[in-house]
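The values are calculated or read from the model by the stated rules, or taken from the named source; none is laboratory data. Since the structure is predicted, the reported quantities are computational estimates derived from the model, not experimental observations. No Cβ is skipped: glycine too gets one built from the backbone with ideal geometry, and neighbour counts run over all protein chains shown.
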Amino acid sequence: MTSHINRRDFLKKSTIAGVGLSFGGWMSLQPGQAMAAAALANGHVLKMNITPIAIADDCARLAIYSNVTVKPYQQALAQNWDAMRIGGVLRHGEKHIAELLIPARNGMKHGNIDPKAARNAAFASGWLFHRAANTELYGKTTKAGDDAERMIYHDVNVLREMSLAEHGGKMAANPSSPTVNDMHHLLLTLKQRTELRLHTFNPDERNGATENWVFKLGEWDKDYRPLLARYAEAMVSPDSWKVKKYLEAPVFYDRTDAIIRCARELQAGLQEPVDLWQSVVAAKSQSLYARALANGYYAAAVVSVFIAGDIDEVMLKTKLFSA
Amino acid sequence: MSEYITHRAVYDDSARLALNSPEICDAFKLTLKKHWEIGGLGSVTRGGDRNSVNLLEVCRDNWASRKEGDGTEEKLAFLLGWRCHNTADRMWKPIYRTLQPEHYVEEREGVSDIRIYHDVIVFREVYDHGRLAPLTLAFLDFQMERHPASSAISVKRAEDLFGAMYQRTLLELQSFVQEEMEIDAWLDWVFKKIQPLYVDLTAYTEAYYNPNTDYLRRFIIEPNFYDRSDAIIRLARSIQLGEPDVGIDLQKALQSAKSESQYAQALEWGYRYLKVSSDFFEHKIDEATFSRLSDLDKPHKPKEIMDWINYLKEKARN
């Protein structure tokens with residue numbers, strides 16, 4: 001983080017061929033597709049995994065503390081965290097991204113982004129962050145069952161690294177301490193606590209959909225319990241072959257990568273503005289997680305210059321979606 | 001609204017009574033035994049009154065020809081939990097407003113204290129501080145600190161990320177997600193259907209470990225929220241522990257529950273709703289009778305209670 005660039009510098013640098021990252025040529029992988037493809041061999045479906053959410057959180061934190069992004073955009077992200085996180089639910093985001101961001105851009109012209117425009121900008125950004133994550137991590141996978149195992153091992157790795165960041169790197173030194181059953185029990189209890197936090201389920205009552213919703217919720221619940229057992233096993237008693245295949249060989253995560261170090265510092269509460277350009281450029285040849293963060297951060301920077309009025313809609317789409 | 005633990009307990013106990021009763025049809029008993037946890041999901045789902053008739057009819061129509069995994073049994077199990085949810089709502093929504101009107105008059109954010117205290121007492125009494133399923137010992141701990149696996153990860157971070165995943169999954173289960181529509185309209189659905197994780201667990205931990213004695217007096221003791229000596233409660237507990245007390249007559253216990261603790265009344269109510277559902281399922285009563293006996297046309301918050309709250313609001317404004 002030795003090089004400090006601002007918004008104008010970013011505009012110049014990001015147009016130089018060869019300097020930018022692999023944003024061009026993104027596969028048209030939708031955030032929902034990776035999870036839909038992931039079915040465990042025994043029929044259980046992994047609906048979603050936590051790694052893309054963690055990456056979205058990291059990207060948003062990087063964008064908020066960046067000196068490339070404008071303050072109103074930073075505020076939009078900070079004040080609409082849930083909307084940002086849920087952005088991955090959007091299908092065909094390429095079609096909607098400009099439409100979702102234009103109200104925030106118009107608000108900037110008049111000095112005020114209204115709450116709905118800010119919410120939509122955060123939501124659109126969340127879609128871009130999820131897209132960055134899923135494209136980098138799951139775009140080249142082959143088999144559905146393989147994908148689910150990959151997701152679980154990714155999640156466990158990310159959770160461990162984020163836990164370490166919050167505890168000064170001191171915990172998890174003895175992962176064999178709890179049993180697999182203990183960990184499974186803990187994860188099931190987390191599920192119950194989440195149900196308490198959301199208070200009651202809100203059923204789908206549109207156009208006679210309730211009956212099917214009831215069935216789907218029950219099926220999901222039945223699948224989720226054994227799925228958590230797989231998480232517990234990967235946490236407490238990881239399979240060395242899977243660790244090598246899913247984490248080490250593809251270099252999924254490297255805590256020494258500059259952009260990851262920065263993300264973990266921000267997660268742990270670093271409040272100082274940071275510049276990320278060197279970290280972003282370096283990430284191109286670093287771990288998958290670092291590349292996903294760089295992709296997401298770049299997208300946030302592009303969104304910010306669009307909202308600030310520095311680029312038009314055509315350029316927005318070119319920078320986000322073209323080779 | 002009544003709360004998660006209380007909702008769940010009313011289902012668990014009412015369904016236990018149903019399983020042990022000769023008045024309840026075999027189809028209900030079979031589905032409860034096979035799909036107890038799905039009933040638990042129904043017990044913490046809103047909107048039951050609007051969907052009960054339809055769902056019961058579908059399950060009844062398909063029952064004889066059902067196949068394993070076609071969803072008939074699962075939907076019926078969910079419906080039984082759903083009926084119990086409406087019991088708890090009807091029982092306690094008026095009581096919350098009567099005993100802690102200030103929360104509703106001042107339109108305070110978050111969960112009212114009385115709801116949390118009810119849950120904490122039920123956690124203690126029905127689930128023996130989390131020793132009895134489906135709840136767990138560290139359930140109300142701060143970051144589950146007593147749990148043997150809690151030191152291996154950041155519980156706070158895991159809860160946050162898995163919670164977000166759960167939230168996203170619930171949204172993905174909604175049919176609108178796949179539909180083509182204007183993006184504005186679609187987004188309106190997203191933010192209408194997203195389920196915020198708004199209940200503060202630390203308030204539960206505080207109420208459990210360091211209860212406010214004034215709240216205990218106002219919400220639990222004086223209004224007789226729970227009395228473990230009530231016959232219906234003793235019967236439910238004995239079934240829960242695997243040894244039904246044959247000395248307690250269900251009908252007598254149901255009758256006496258009407259003048260006993262609030263929780264006993266809720267169990268009588270929950271059992272009654274299941275009995276009415278069973279009668280409808282077996283064609284012993286028609287739809288109109290089922291609807292009337294299930295109170296489907298009655299609001300959970302009676303008009304006189306809401307009028308009183310509105311009167312207090314008006315008074316506070318002036």
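The residue of segment B:123-176 that is nearest to B:L267 (Cα to Cα), among those that are at the interface with chain A (Cβ under 8 Å from one of its Cβ atoms) and acidic (D, E), is B:E159. Scanning segment A:219-239 for residues that are touching a helix residue (DSSP H, G or I) at 6+ places or on another chain (Cβ under 7 Å), farther than 12 Å from A:M183 by Cβ and at pLDDT 95 or above yields nothing.
Take B:R108 and decide whether it is farther than 27 Å from B:A316 by Cα and among the charged types (D, E, K, R).
The answer is no for B:R108.
Beta carbons closer than 8 Å, at least 6 apart along the sequence or on distinct chains, pair a first residue in segment A:281-295 that is basic (K, R) with a second that is part of a helix (DSSP H, G or I) for A:K284/A:R291; A:K284/A:A294; A:R291/A:E136; A:R291/A:A283.
Do we have B:R237 as more than 14 Å from every other protein chain (Cβ to nearest Cβ) and surrounded by 17 or more Cβ atoms within 10 Å (Cβ to Cβ) here? So B:R237 fits the description; yes. None of B:V120, B:V105 is more than 9 Å from chain A (Cβ to nearest Cβ), touching a helix residue (DSSP H, G or I) at 6+ places or on another chain (Cβ under 6 Å) and at pLDDT below 95 except B:V105. Number of residues in segment B:138-175 that are within 27 Å of B:I233 (Cβ to Cβ) and under 20 Å from the mean Cα position of the chain (by Cα): the value is 2.
The lone criterion from (1) free of Cβ contacts under 8 Å to residues at least 24 places away in the same chain; (2) assigned to a helix (DSSP H, G or I); (3) within 21 Å of the chain's Cα centre (by Cα) left unmet by A:E195 is number (3). Looking only at segment A:202-223, residues that are more than 7 Å from every other protein chain (Cβ to nearest Cβ), assigned to a helix (DSSP H, G or I) and without any contact (Cβ under 8 Å) to a residue 60 or more places away in the chain come to 3 in all.
Taking A:M162, is it buried (at least 17 other Cβ atoms within 10 Å of the Cβ), modelled with pLDDT of 95 or more, under 18 Å from the mean Cα position of the chain (by Cα) and facing chain B (nearest Cβ under 7 Å)?
yes
Of the candidates A:Y246, A:Y253, the single residue that is touching a residue at least 60 places away in the same chain (Cβ under 8 Å), over 30 Å from B:H35 (Cβ atoms) and outside any helix (DSSP H, G or I) is A:Y253. Within segment A:266-276, identify whether any single residue is at pLDDT 95 or above, in a helix (DSSP H, G or I) and not hydroxyl-bearing (S, T, Y), and answer yes or no. Within segment A:266-276, none of the residues are at pLDDT 95 or above, in a helix (DSSP H, G or I) and not hydroxyl-bearing (S, T, Y).
Quick check on segment A:180-201. Is at least one of its residues surrounded by fewer than 20 Cβ atoms within 10 Å (Cβ to Cβ), within 12 Å of chain B (Cβ to nearest Cβ) and either over 24 Å from B:T202 (Cβ atoms) or modelled with pLDDT under 90 (or both)? Within segment A:180-201, one or more residues are surrounded by fewer than 20 Cβ atoms within 10 Å (Cβ to Cβ), within 12 Å of chain B (Cβ to nearest Cβ) and either over 24 Å from B:T202 (Cβ atoms) or modelled with pLDDT under 90 (or both).
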